1. Could you check region B:174-183 and list, in sequence order, the residues that are hydrophobic (A, V, I, L, M, F, W, C) and in contact (Cβ under 8 Å) with a residue 24 or more places away in the chain?
2. Take the residues of region B:90-117 that are surrounded by 15 or more Cβ atoms within 10 Å (Cβ to Cβ) and over 16 Å from the mean Cα position of the chain (by Cα): which is modelled with the highest pLDDT?
3. When residues of region A:91-126 are filtered for being within 22 Å of A:L63 (Cα to Cα) and either touching a strand residue (DSSP E or B) at 6+ places or on another chain (Cβ under 9 Å) or more than 9 Å from chain B (Cβ to nearest Cβ) (or both), how many remain?
4. Within region A:41-61, count every residue that is of a type outside the set (D, E), without any contact (Cβ under 8 Å) to a residue 40 or more places away in the chain and at the interface with chain B (Cβ under 7 Å from one of its Cβ atoms).
5. Report whether or not B:A35 is at pLDDT below 95, farther than 21 Å from B:V164 by Cα and buried (at least 21 other Cβ atoms within 10 Å of the Cβ).
6. Please find, among B:L191, B:L166, B:L173, B:L179, the residue that is more than 22 Å from B:N129 (Cβ to Cβ) and modelled with pLDDT of 85 or more.
7. Can you find a residue in region A:107-116 that is farther than 20 Å from B:Y27 by Cβ, without any contact (Cβ under 8 Å) to a residue 40 or more places away in the chain, of a type outside the set (D, E) and loosely packed, with under 13 Cβ neighbours inside 10 Å?
Amino acid sequence: MTVKAKARATAAPAAHKRPNLTPLRGESEDSRFDRLVYERVRLGILSALAVREELSFSELKALFDVSDGNLSAHARKLEEAKYLSCTKSFAERRPKTVYRLTALGRGALNRYLDHVEAVIKATRRG
Amino acid sequence: MARSRNGDMHTAQTVTMESHAAATLQYIRTSMDAAVSIAVPGTAGLVMGSVGVLAAVLSELPALRAHWLIIWLSAAAVAIAAGATLLARPAAPGGLTLRGARARKFALCLVPSLFAGAVLTVVHWLSGNLRAIPGTWLLLYGCALIAASVTMTPAVAAMGGCFVALGVLALFLPESLQLIVLGVGFGGLHLLFALLIGRGTHDSQG
């Protein structure tokens, strides 16, 4: 959604006076993974895990009302980016998948929050 | 004219970007609140249920039966303290504590019925109507759980419903069965739902 907002900003006339948004430190080097955070379900997963030490697959599924496949795909992308750690085990013969936020994931969420706050501040100044 | 149009576009775009950013922040906050709201550890129910069972056993002992009200009031204090501590614990690692908006909502839902129960306990005690106390406790605790379930797992509402049913039953049962029903409620129901909630956190997918 932020990507769409940026696209609209690019398409605006040159005369249009835009707020001066200073790129955040480390934004360019992390841009490959920033796209991961923009997506709504993935942003929700990171936010939820920021306030809980760990969340199971079923808890995340109930939280965001998504299908097993959809949640698996999003969680796998975050796991591949090392934003989440995943532990699989068995409890009473039933499989249990538990996710935790890594330091890298917390950093990505914090950077995204900084970015959103910077947008709000800049637009209010402008 | 063109200048005015550009100005309008600037305003519109600024509002869109700002409102989008604000909506994103709101979504993050909602996700965090929701994640905390589902944190109903089964251990809280196990501890509260164990305290209930212990109180039921102690109050049924012939030597202590006359002191059942003191026993159950003490058990309630211990169970509330333990339950509150265990409910707050899952939120701790992220730094979101019971001061959060969700926790305030939880307390606002829970406290009125518990306060009503405390007031009615004093009224019943002063009027010598002790046989109405177990039913009142079960009924109002059930109401408190049903109200608080809006911020918790649906299983809590079901547990509240069971407490309400037991409370109504207790109000019409003979005095000799009142303490048994109290034990079944605060001991048995807590333990049963603790196990159910614990099972519910297990996955259907590996």
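1. Those that are hydrophobic (A, V, I, L, M, F, W, C) and in contact (Cβ under 8 Å) with a residue 24 or more places away in the chain: B:L179, B:I180, B:V181, B:L182.
2. Restricting to residues being surrounded by 15 or more Cβ atoms within 10 Å (Cβ to Cβ) and over 16 Å from the mean Cα position of the chain (by Cα), the top hit is B:P93.
3. Here is the first cut: in region A:91-126, the residues within 22 Å of A:L63 (Cα to Cα) are A:91, A:94-102, A:105-106, A:108-110, A:112-113.
Next, from what is left, pick out any that are either touching a strand residue (DSSP E or B) at 6+ places or on another chain (Cβ under 9 Å) or more than 9 Å from chain B (Cβ to nearest Cβ) (or both): A:95-102, A:105-106, A:108-110.
Adding up the residues that qualify gives 13.
4. 5
5. Considered against the rule, which asks whether it is at pLDDT below 95, farther than 21 Å from B:V164 by Cα and buried (at least 21 other Cβ atoms within 10 Å of the Cβ), B:A35 comes out as yes.
6. None of the other options fit; the residue is B:L191.
7. Taking every residue of region A:107-116 in turn, none turns out to be farther than 20 Å from B:Y27 by Cβ, without any contact (Cβ under 8 Å) to a residue 40 or more places away in the chain, of a type outside the set (D, E) and loosely packed, with under 13 Cβ neighbours inside 10 Å.
The values are calculated or read from the model by the stated rules, or taken from the named source; none is laboratory data. Because the structure is predicted, anything quoted here is derived from the model rather than measured. A quick note on method: Cβ atoms are made from the backbone with ideal geometry, for glycine too, and the neighbour counts reach across all protein chains shown.
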